[in-house]
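These notes concern the structure reproduced below.
The values are calculated or read from the model by the stated rules, or taken from the named source; none is laboratory data. In this text, all values refer to a predicted model and were calculated from it rather than measured experimentally. Please note: Cβ atoms are built from the backbone with ideal geometry, for glycine as well, and neighbour counts cover all protein chains shown.
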Amino acid sequence: MTCYTAGYRGTLAASSEIDEIVWLGYADRGRVSPVDQLIFDQLRAAGQLR
């Protein structure tokens, strides 16, 4: 899996097959899949996720 970052201007909104948009932090690690938990761990270790 590859994660990207970017700046954005405007309002993000769910549409089509996207039901909702949420911002997750490391405290939300238990809400994501096991593979995403590994990614959260790596992002936190790199200082990219609080």
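Which pairs do you get when a residue that is basic (K, R), found in the stretch 13-39, comes within reach of a residue that is in a loop (DSSP other than H, G, I, E, B) and surrounded by 11 or more Cβ atoms within 10 Å (Cβ to Cβ), reach meaning Cβ atoms under 8 angstrom, with the pair 6+ apart or on two chains? Partner pairs satisfying both residue conditions: R31/L24.
Just a yes or no: is a residue in the stretch 36-46 surrounded by 10 or more Cβ atoms within 10 Å (Cβ to Cβ) and assigned to a loop (DSSP other than H, G, I, E, B)? No, the stretch 36-46 contains no residue that is surrounded by 10 or more Cβ atoms within 10 Å (Cβ to Cβ) and assigned to a loop (DSSP other than H, G, I, E, B).
Yes or no, residue by residue, for (1) within 13 Å of the chain's Cα centre (by Cα); (2) modelled with pLDDT of 95 or more:
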position: G7; (1), (2): no, no
position: W23; (1), (2): yes, no
position: Y26; (1), (2): yes, yes
position: R31; (1), (2): yes, yes
position: Q37; (1), (2): yes, yes
position: D41; (1), (2): yes, yes
position: R44; (1), (2): yes, yes
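For the stretch 21-48, a tally of residues being closer than 15 Å to T2 by Cα and of a type in the set (F, W, Y) returns 1.
Screening R9, R50 for residues that are assigned to a loop (DSSP other than H, G, I, E, B), touching a helix residue (DSSP H, G or I) at 6+ places or on another chain (Cβ under 7 Å) and on the phi < 0 side of the Ramachandran plot leaves exactly one candidate, R50.
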